[in-house]
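A.B. asks: What follows is a structure written as structure tokens; I'll ask about it next.
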Amino acid sequence: MSSSLKGRPAWVDAASVGSDDMVLLTKPDVSGVVSNLESRLRASMMYTYIGHVLVCCNPYHWLPIYGEETVQFYAHKQRNDAPPHIYGVAEAAFRAMVLEEEKQCVIISGESGAGKTEASKHIQSYVAAVSSKVGDPETQAIVERVKQVFLQSNPLLEAFGNAKTLRNDNSSRFGKYFELQFDRFGTPIGGAVSTYLLEKKRVTKPNQGERNFHIFYQMSKCGKPKVQQSLGFGPASKPGDRPGGPEAFELAVAGGCVAIEGVDDSACFEQTLGAMKGAAGMRGREVDSVLKTVALLLHLSQVDFEALEVRGAEGSELTAKGAAALERVALLAGAGADFAGALLHALTHRELQTSAPGLGHSETFEVPLNPAQARASRGALAKTVYARLFELLVAKVNKVLAQGAAPMVGPAPGRRCKQDAKSSIGVLDIYGFEVLTTNGFEQLCINYVNERLQQIFIELTLQAEQEEYASEGLAWEPVPYFDNQVVCDLVDLKPSSGLGSKALMNCRQAAATGKQEQQTPSQPGILPILDDVCKALHSRSGGQGLDAKFGETVAQLHGGHRHLVARGGPSGSQGFTVQHYAGPVDYSVEGFGEANRDGLRAELERVLERPGSGPLSTLFHGQARVSSSSFTAGGLIRAQCASLVAALRECPGVHYVRCIKSNDRRAAMALDLDRCAHQVKYLGLTENIRVRRAGFCFRAQFHRFYDRFRWILLMRGGTTIALRRNPFRSDRDGCRAICKAAAQTLSCVTTEECQFGRTKIFVRKPETYFALDRLRERAVGFLASRIQRGWRNFRGRKRCASFNTVNSNSFFVAYYPSKVIRSKSAKGRPSTPRAHPVTRVGV
């Protein structure tokens, strides 16, 4: 990249198009926002601000606006001093963390394909580039290792957690929260990675036109004979297919897509192997164990069943193809025929417990499963194994990050202890709001999490501002906004009294009146209702009756809710529509029951815990066994979401990146107006603009404002006042004096622009604040120049004083030699001139 000025990227000097900060738009409605985003995207400007919120339009084209030169340009700059950029958000978070010694987090939101993952990578790379480099060589090597682990963990987690979808070729099918920990000097000393809501369903049922997780295709296309042989890949299933390629496995072809245009899965596999060794700290045997587990899942998808009569009931047996696949599964697991037989029995039979009347104990017996039920057991096994493998990889990454800071612990001089970690920067990247042709349990969970994230955005950027202004006693015109707490309660509210059958019956009777307009505290949400129905009907192996019961209960309890509409007749068995913040979404209840009952049966876990089951025993040995009847996916999602929200609320500094998908065609530098308008509306951008226009862009406690801007008093001869801590009666009076002094130079500093609350000073416009900041820099420069001038005067006087040791006649002779000669000649002495030493003195 060429530079127009030293250290200044060339693209920075390009003429700005539209408004950099949409708070200053003359037409701050949806059409005005969309028009501004479109004009800027056409000019290759993908970033725009709304106050402190960054809006990013996915250009579907790589722009030359990143790299080391751009990093150096944004370092130590205020947001208003540089064009909008993801580096500007990263710089603001990093500097606030260093100066305030407080936790910071960046919430990246938007729908699938909007560019959230790429934004997360840019933030991580920027923080890694600008973080402090101090300490001895050994400490510095540890710091660099922590940085590299964070950067290398991206290809590893993407390989096992991302997939091609209809909207995005590299869609994150899980949520991740990266947290990089720093000491008081801004040096990274450790970190942690938390993951949420892995889409396990994709392992068995990817949507049509989509792929499974990337790792399955990377490994089956690696093309290395030794790897192919060790993983049990056989010959091609069809002429022209690569031996052991994805076309040979049901798991890889279930979605009807096995390749991504422009992506070399074989090359990506080499990157994944490098990340497993670098980011996860794995070596030979551990890497082989992970690869064998992935290959085991590929072969497990080939295990199929056919009907067989067992003791007068419909049971299952292996097909010829399924028997060969099961042998490969046992071989990869490092077990023999005993393991294969035990696994087959657990897949085709189920244990049931019944209580014997009057005997006080339960009886256990086995029932055979038909082919459909056996395939469901196989699918549950595959999803559980893959989820635990993913958790293992995350745990390995966290272990390496923890070990990176471990050598710093100790009393050695110059070493900083891990306990010195004062603050951290977290980056949340989670898949966005989804609306598909057919929406089920997974889409409800994804959209529920996005409802919670939207609620945080509302509270921290809209509601919190209004409450703060009111508490400070400032004049404020309330801005109306939609509080989506009612939708969150509709999905997840669980009454404190529990959901017993009697309580559920009371809720149904109350709902039968048909007069309630919204959910009352006594009514459970959709997910708690699903949990209750699953527990009540846990003995049913089929999901049709369970789904119908669930739909009927939702319709009875929430049929009159203003944000829910039951569909499919009086029973509501076909589905329901939820009015989310992003718009209405139609959900089909089909498959809700089986998706929620996501636990693995105890008989299958016992087989996998055997010591001879190779890599599987590593995943299952020592794990707490959870009953499939008590464990629910909905309950886990609610718990994970609550943990995520709690972590985000702990961060005093929250920064936002709102990503917008420019079009569905993935056309470069093109923006679909209707699609963009829909996203602008549900992201709440116009509401954010209205709040920024009605409120104040900057606020600070009086003492903080005085400490930062007291140097402005120097501009009006207040040198001694500025150098003293605070000669005024209070910090508030000091701030008033600063504004009065600034008003003599800046016309924008008025009583309307700068208002004083009870504990804080508020500045309305960003331009006013940055004008104050520039005036402060001038004052600091003025003080620095005075210090330099004083030092030069002192040094000059000292040099002049040293000349007193030199004879005064020497000065006279040096500067007036002719007068000396004439005076001697007048006395009759020889007038022959003599050479005199000349001393040149410069003052």
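A.B. asks: Grab the Cα-Cα distance for R792 and T618, subtract it from 0.36 nm times how many residues apart they are, and report the gain in nm with one decimal.
C.D. replies: 55.4 nm
A.B. asks: In percent, what relative contact order does segment 28-105 have, based on Cα pairs under 8 Å that are 6 or more apart in sequence?
C.D. replies: Dividing the mean separation by the residue count of segment 28-105 yields 20 percent.
A.B. asks: Using a basic spin-label model with each label point 7 Å from the Cα along Cα→Cβ, how many nm lie between Y481 and V287?
C.D. replies: Rounded to a tenth, the inter-label distance reads 4.9 nm.
A.B. asks: Determine which residues of segment 39-53 fall in the zone a paramagnetic label at A82 would reach in this model, i.e. backbone nitrogen under 18 Å from the point 7 Å along Cα→Cβ.
C.D. replies: So the set is 45-53.
A.B. asks: Which value in nm describes the separation of the simple spin-label points at D664 and E366, placed 7 Å from the Cα toward the beta carbon?
C.D. replies: That separation, rounded to one decimal, is 5.0 nm.
A.B. asks: Another question, if that's okay. Where does each of 348-354, 780-786 land if you order them by average Cβ count within 10 Å, highest first?
C.D. replies: 348-354, 780-786
A.B. asks: Order the peptides 327-334, 757-764 from the highest to the lowest mean number of other Cβ atoms within 10 Å of their residues.
C.D. replies: Highest-to-lowest ranking by the protection proxy: 327-334, 757-764.
A.B. asks: Quick check: residue separation of R311 and E68 times 0.36 nm, minus the Cα distance between them. What number comes out in nm?
C.D. replies: Extra length from R311 to E68 when fully extended: 80.3 nm.
A.B. asks: Which order do the peptides 214-220, 50-56, 13-19 take when ranked by the mean count of other beta-carbon atoms within 10 Å per residue, highest first?
C.D. replies: Listed from highest to lowest mean packing, they are 214-220, 50-56, 13-19.
A.B. asks: So how far apart, in nm, are the two label points at R774 and E102 if each is 7 Å from Cα heading toward Cβ?
C.D. replies: It works out to 2.8 nm between the two label points.
A.B. asks: Return a whole-number percent for the relative contact order of segment 1-131, with Cα pairs under 8 Å and 6 or more residues apart as the contact set.
C.D. replies: About 20 percent, as a whole number.
A.B. asks: To continue, here is another question. For each pair in K116/K396; K205/K494; K77/K147; K176/K200, compute the distance between the two Cα atoms and list the pairs where it is over 26 Å.
C.D. replies: Beyond 26 Å: K205/K494.
A.B. asks: Still on this model: Report the relative contact order of segment 260-350, percent, no decimals, based on alpha-carbon pairs under 8 angstrom and at least 6 residues apart.
C.D. replies: 20
A.B. asks: Whose amide H sits under 5 Å from the amide H of N162, counting only residues 5 or more places off or on another chain, with H placed in the peptide plane?
C.D. replies: R173, H214
A.B. asks: Probe radius 1.4 Å, ligands and nucleic acids left out: which of C57, C268 has the largest accessible area, and how do the rest follow?
C.D. replies: C268, C57
A.B. asks: Another question, then. By how many nm would the segment from A602 to F185 grow when fully extended, if each residue of separation counts as 0.36 nm and the alpha-carbon distance is taken off?
C.D. replies: Here the answer is 145.0 nm.
The values are calculated or read from the model by the stated rules, or taken from the named source; none is laboratory data. Predicted, not measured: the structure shown is a model, and the values here were computed from it. Backbone-built Cβ (ideal geometry, glycine too); neighbour counts: all protein chains shown. Accessible surface is based on the protein model in full, side chains and every heavy atom, while ligands, DNA and RNA are left aside. Shrake-Rupley method; radii C 1.70, N 1.55, O 1.52, S 1.80 Å.
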